[in-house]
Amino acid sequence: LAIFALKSVRRCGGVLEHPAGSAFWRFAGLPRPGDLPDEFGGWSVSLYQGDFGHPAPKHTWLYVVGVLPGGYDFRSPIHTFPFRSVESQSAAAREHTPPAFASMLFDLAIMCRLAKGN
């Protein structure tokens with residue numbers, strides 16, 4: 001599914017989310033956070049879902065196509081301090097996406113699609 005999602009993001013604009021350091025970045029040749037955009041205009045950013053309400057830091061990378069680096073404000077409206085490690089949580093809790101993070105991903109995806117003319 002990650003390959004299908006990547007092709008869709010590159011074609012239509014959007015955002016792909018994976019755990020930080022995911023082997024998929026290297027496998028697909030995606031730019032790491034801080035690298036220049038790739039030939040599709042895609043770039044990566046490093047975020048922590050704990051900044052959006054997750055009880056653990058949950059380091060996450062996003063691959064973005066359709067919005068230029070610096071063209072989106074990734075600051076969270078929630079200011080919490082994660083107090084648990086990801087490893088100390090159940091599988092369901094580890095996979096949980098905080099509503100504020102999901103909302104940010106949705107808004108960013110819409111912005112990317114509009115910028116690509118879709």
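The values are calculated or read from the model by the stated rules, or taken from the named source; none is laboratory data. Only a predicted model underlies this, so the values are computations on that prediction, with no experimental measurement involved. Cβ placement follows ideal geometry from the backbone for every residue including glycine, while neighbour counts extend to all protein chains displayed. The accessibility values were calculated without ligands, DNA or RNA, using every heavy atom of the protein model including side chains. Shrake-Rupley method; radii C 1.70, N 1.55, O 1.52, S 1.80 Å.
Can we say Ser44 is within 16 Å of the chain's Cα centre (by Cα), open to solvent by less than 70 Å² (accessible area, probe 1.4 Å), modelled with pLDDT under 85 and among the small types (Gly, Ala, Ser)? Write out each step before concluding.
Numbers: within 16 Å of the chain's Cα centre (by Cα): yes; open to solvent by less than 70 Å² (accessible area, probe 1.4 Å): yes; modelled with pLDDT under 85: no; among the small types (Gly, Ala, Ser): yes.
It is false that Ser44 is within 16 Å of the chain's Cα centre (by Cα), open to solvent by less than 70 Å² (accessible area, probe 1.4 Å), modelled with pLDDT under 85 and among the small types (Gly, Ala, Ser).
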Quiz item: Scanning for something under 19 Å from Ile110 (Cα atoms), open to solvent by 70 Å² or more (accessible area, probe 1.4 Å), modelled with pLDDT of 95 or more and in contact with a helix residue (DSSP H, G or I) (Cβ under 7 Å, 6 or more places away or on another chain), does segment 18-38 turn up at least one residue?
Solution: no
Quiz item: In this structure, does Lys58 turn out to be surrounded by 16 or more Cβ atoms within 10 Å (Cβ to Cβ), touching a residue at least 60 places away in the same chain (Cβ under 8 Å) and under 27 Å from Lys7 (Cβ atoms)?
Solution: no
Exercise. State all residues of segment 7-41 that are under 15 Å from Lys116 (Cβ atoms), in contact (Cβ under 8 Å) with a residue 24 or more places away in the chain and touching a strand residue (DSSP E or B) at 6+ places or on another chain (Cβ under 8 Å); if no residue qualifies, say none.
Key: Val9, Arg10, Gly13, Gly14, Val15, Leu16, Pro37, Phe40, Gly41
Practice problem: May I ask you to list the residues in segment 90-115 that are over 11 Å from Glu17 (Cβ atoms), open to solvent by less than 80 Å² (accessible area, probe 1.4 Å) and part of a loop (DSSP other than H, G, I, E, B)? | Solution: Ser90, Pro98
